[in-house]
Amino acid sequence: LGRLRREGWKTYVETPMPTRKSEEWRYTNLAELDPESFTPVSCEGERVSIEELPAPVREAMESDRERSGVMVRHNGCLEHLRLDSALEGRGVIYAPLGEIADTRPELLERFLFQSGVAPMERKLWSLHTALLSGGYFLYVPAGVDIEHPVHTFRYLDEEGGVVSTHSLIVAEAGARVTCIDEYVSPDLEDGSLSLNGVEIFGAQGASVSYLAVQQYGRGVKHFSMQHSNTGKDSTLNGFNVTLGADLARADVTSHLEGEGARSEMLALWFGDRDQHFDHHTLQHHEAPSAHSDLLYKGALTARSSSVFRGLIKVAEDAQLTDAYQTNRNLLLSKDASAVALPNLEIGADDVRCSHGATVGQVDETMLFYLMSRGLDREQSERLLVFGFFDEVLERVPGEGVRARIRESIEAKIEAS
């Protein structure tokens with residue numbers, strides 16, 4: 001880990017900060033971002049009982065008790081960890097990266113930071129590596145089916161701090177697991193920086209569902225770089241929910257490396273005030289007979305803005321590819337704006353690929369119809385927004401998580 005951090009810092013120093021001259025960063029301005037002005041978070045805490053955890057985390061844990069494992073990190077420091085003993089007996093590992101470096105270094109050498117990183121990610125990915133302040137390794141042996149989700153909470157309340165966490169998930173052949181990463185913070189007057197890396201490896205026939213829910217408060221800038229690597233006949237279902245932070249960027253890459261691999265990529269976001277959300281996706285088909293389906297939906301109000309840039313890339317040998325990409329954007333105010341840029345890059349000649357995107361204001365005819373039935377405008381907009389999101393929301397794992405997402409969206413609608 002020390003060597004990786006040193007190499008990461010060297011790459012960070014040598015790599016220029018992305019600018020709007022780059023096509024991948026054209027609509028997100030990092031000119032005022034100075035990562036070195038933030039102080040790396042300190043970790044001096046110890047593990048505590050559930051009753052001593054931060055109130056928002058405690059309330060979230062109590063709303064959904066069906067979990068096979070749970071981890072809580074406070075400003076990067078591990079405060080709580082539990083894994084069902086029956087799963088431990090079957091060889092499942094759920095532990096901090098530092099602990100695995102001591103006990104099973106061969107696993108980290110095999111998987112950690114082994115995903116291909118695009119040039120547009122290199123600056124922030126290398127900083128994430130250099131400042132790595134906490135993360136977890138989830139290892140599911142072949143044939144093990146984990147019934148309930150493994151849930152990790154990250155709580156940030158250190159003013160002016162930078163926290164860098166990593167999620168490393170490995171499912172061996174035929175294994176099944178659902179993972180949830182949840183990011184929470186109060187409003188931070190001095191601001192903080194959150195860097196997050198995710199690497200998922202699914203061996204032959206494995207099935208992984210991964211959900212990231214970002215509900216940071218004001219003042220936080222959040223950058224997430226996610227890479228899934230799917231083997232032969234494996235399945236990855238990825239979900240991203242973006243509701244918080246002033247600036248949030250998610251680079252989500254699905255590497256379909258094995259024949260017959262399947263990838264479903266879902267996301268929703270709701271922006272208010274002057275929030276800016278940027279989603280950049282890549283469905284990289286590297287093997288034949290693979291399937292990917294992307295559906296990203298965003299709603300925006302006040303002066304918020306969003307960017308979606310998606311690419312389906314099909315290698316020359318990836319015949320019989322089946323890939324779809326859809327982005328829908330709903331504008332709830334005249335000052336909100338959305339940019340949608342779907343793309344195809346096809347190297348094979350026997351494929352079925354399609355892409356599409358829409359940006360539109362809320363339908364006044366639908367609003368009029370609902371209001372004519374006795375609802376006020378806020379109630380009518382609420383119904384339209386949830387009708388818009390339901391296609392994605394209904395597939396989010398965990399009833400408690402879905403309920404918290406709905407409550408947050410409702411709060412945004414009421415405040416707008």
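The values are calculated or read from the model by the stated rules, or taken from the named source; none is laboratory data. Predicted model only: the values in this text are computed from it and were never measured. With ideal geometry, Cβ positions are generated from the backbone for all residues, glycine too; neighbour counts draw on all protein chains shown. Each accessible area value is taken on the protein alone, full model and side chains, heavy atoms only, with ligands, DNA and RNA left out. Shrake-Rupley method; radii C 1.70, N 1.55, O 1.52, S 1.80 Å.
Listed values, structure above:
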{"read-out": "Count of the stretch 72-103 residues which are in contact with a strand residue (DSSP E or B) (Cβ under 7 Å, 6 or more places away or on another chain) and part of a loop (DSSP other than H, G, I, E, B)", "value": "4"}
{"read-out": "Of all residues making up the stretch 352-383, the number that are in contact (Cβ under 8 Å) with a residue 40 or more places away in the chain and either closer than 30 Å to S292 by Cα or open to solvent by 50 Å² or more (accessible area, probe 1.4 Å) (or both)", "value": "3"}
{"read-out": "Positions within the stretch 74-114 being open to solvent by 50 Å² or more (accessible area, probe 1.4 Å) and either under 21 Å from the mean Cα position of the chain (by Cα) or not acidic (D, E) (or both), in sequence order", "value": "R82, S85, A86, G89, R90, T103, R104, P105, R110, Q114"}
{"read-out": "Complete set of residues in the stretch 52-71 that are in contact with a strand residue (DSSP E or B) (Cβ under 8 Å, 6 or more places away or on another chain), among the aliphatic types (A, V, I, L, M) and either modelled with pLDDT under 90 or in a loop (DSSP other than H, G, I, E, B) (or both)", "value": "L53, V57, A60, M61"}
{"read-out": "Residues located in the stretch 12-51, provided they are in contact (Cβ under 8 Å) with a residue 24 or more places away in the chain, outside any loop (DSSP other than H, G, I, E, B) and of a type outside the set (S, T, N, Q)", "value": "Y12, E24, W25, P35, P40, I50"}
{"read-out": "Given (1) in a strand (DSSP E or B); (2) open to solvent by 10 Å² or more (accessible area, probe 1.4 Å); (3) over 25 Å from E391 (Cα atoms); (4) not acidic (D, E), number of the condition G197 does not satisfy", "value": "(2)"}
{"read-out": "Given (1) in contact with a His (Cβ under 8 Å, 6 or more places away or on another chain); (2) over 22 Å from Y94 (Cβ atoms), index of the condition H222 fails", "value": "(1)"}
{"read-out": "Filtered residues of the stretch 286-317 (kept if open to solvent by less than 10 Å² (accessible area, probe 1.4 Å), assigned to a strand (DSSP E or B) and free of Cβ contacts under 8 Å to residues at least 60 places away in the same chain)", "value": "S292, L294, Y296, G298, L300, S306, F308, G310, I312, V314"}
{"read-out": "Within the stretch 384-405, considering residues that are free of Cβ contacts under 8 Å to residues at least 60 places away in the same chain and open to solvent by less than 60 Å² (accessible area, probe 1.4 Å), the one nearest to the chain's Cα centre (by Cα)", "value": "R402"}
{"read-out": "Conditions (1) open to solvent by 10 Å² or more (accessible area, probe 1.4 Å); (2) within 20 Å of the chain's Cα centre (by Cα); (3) not acidic (D, E); number of the one not met by G143", "value": "(2)"}
{"read-out": "Hey, E158 part of a loop (DSSP other than H, G, I, E, B) and buried (at least 19 other Cβ atoms within 10 Å of the Cβ) or not", "value": "yes"}
{"read-out": "Residues located in the stretch 373-382, provided they are part of a helix (DSSP H, G or I) and over 26 Å from the mean Cα position of the chain (by Cα)", "value": "R377, E378, Q379, S380, E381"}
{"read-out": "Scope the stretch 318-331; condition in contact with an Asp or Glu (Cβ under 8 Å, 6 or more places away or on another chain) and surrounded by fewer than 22 Cβ atoms within 10 Å (Cβ to Cβ); matching residues", "value": "Q319, L320, Y324"}
{"read-out": "Verdict on E182 being more than 23 Å from V117 (Cα to Cα), part of a strand (DSSP E or B) and open to solvent by less than 10 Å² (accessible area, probe 1.4 Å)", "value": "yes"}
{"read-out": "Selection within the stretch 161-179 - assigned to a strand (DSSP E or B), under 24 Å from G202 (Cβ atoms) and either open to solvent by 10 Å² or more (accessible area, probe 1.4 Å) or of a type in the set (G, A, S) (or both)", "value": "S167, A171, R176, T178"}
{"read-out": "Criterion: touching a helix residue (DSSP H, G or I) at 6+ places or on another chain (Cβ under 7 Å) and open to solvent by less than 20 Å² (accessible area, probe 1.4 Å) - qualifying residue of G135, G191", "value": "G135"}
{"read-out": "Any hit, the stretch 334-350, residues being open to solvent by 30 Å² or more (accessible area, probe 1.4 Å), part of a loop (DSSP other than H, G, I, E, B), free of Cβ contacts under 8 Å to residues at least 60 places away in the same chain and among the basic types (K, R)", "value": "yes"}
{"read-out": "F153 being open to solvent by 10 Å² or more (accessible area, probe 1.4 Å), among the aromatic types (F, W, Y) and either touching a Gly at 6+ places or on another chain (Cβ under 7 Å) or farther than 21 Å from H280 by Cβ (or both)", "value": "no"}
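The rows are residues; the columns are (1) hydroxyl-bearing (S, T, Y); (2) under 19 Å from the mean Cα position of the chain (by Cα); (3) modelled with pLDDT under 95.
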site: L132; (1), (2), (3): no, yes, yes
site: V150; (1), (2), (3): no, yes, no
site: L156; (1), (2), (3): no, yes, yes
site: G161; (1), (2), (3): no, no, yes
site: H166; (1), (2), (3): no, yes, no
site: I169; (1), (2), (3): no, yes, no
site: G174; (1), (2), (3): no, no, no
site: T178; (1), (2), (3): yes, yes, no
